[in-house]
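Presented below is the structure to which this report refers.
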Amino acid sequence: MSQTVVLKVGMSCQGCVGAVNRVLGKMDGVESFDIDIKEQKVTVKGNVEPEAVFQTVSKTGKKTSYWPVEAEAEAEAEAEAETKTEAETKIETKVDAKADVEPKLAEAETKPSQV
């Protein structure tokens, strides 16, 4: 079964990237992988077990951990909440604007016109 494994790997130079590249290139079941030195993120896709990928990358001597899934989920939830709050604010603004107009219209209708 094909799956994606995401790891956080302490890489500080292209030599580090090369070491991770070598071990993943030799690993059975790996279909593709992406190494992002800036984010310290390694994404592996293929018919692999997460623990096997973790152990293989750890053999490079680089500090390795699973990518924090909770942090990504929380960030998405916060972004969604912000978007919802902005939409609610816009709706409230429209409702308030309408409330200001209606009394003035009613006031204008009840006053006798000055001709």
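The values are calculated or read from the model by the stated rules, or taken from the named source; none is laboratory data. As the structure is a prediction and not an experimental result, all values here were calculated from the model. Positions of Cβ are generated from backbone atoms using ideal geometry, with glycine treated the same way; all protein chains shown enter the neighbour counts. Note: accessible area is taken over every heavy atom of the protein model, side chains too, but ligands, DNA and RNA are not part of it. Shrake-Rupley method; radii C 1.70, N 1.55, O 1.52, S 1.80 Å.
Remarks
- Taking a Cβ cut-off of under 15 Å around Glu51, the surrounding Lys, Arg, Asp and Glu residues balance to a net charge of -1, with basic ones at +1 and acidic ones at -1.
- Residues in segment 3-66 average 57 Å² of solvent-accessible surface per residue, probe 1.4 Å, ligands and nucleic acids excluded.
- Along its first, second and third principal axes, ordered by size, segment 3-66 spans 28, 19, 17 Å in Cα coordinates.
- Relative contact order computed over segment 3-66 (Cα-Cα under 8 Å; 6+ residues apart), in percent: 46
- Label-reachable residues, segment 1-20, where backbone N falls under 18 Å from a point 7 Å from Asn47's Cα toward its Cβ: 1-5
- Qualifying GluC sites (Glu not before Pro) for segment 28-70 [loop in DSSP, other Cβ within 10 Å: at most 14]: Glu39
- For Arg22, the shell of other residues with beta-carbons less than 13 Å away shows a net charge of +3, using +1 for Lys and Arg and -1 for Asp and Glu.
- Total formal charge among the other residues, if their Cβ is under 11 angstrom from that of Lys8, Lys/Arg +1 and Asp/Glu -1: +1
- For segment 3-66, carbon and sulfur atoms together expose 48% of the accessible surface, with a 1.4 angstrom probe and every protein chain in place.
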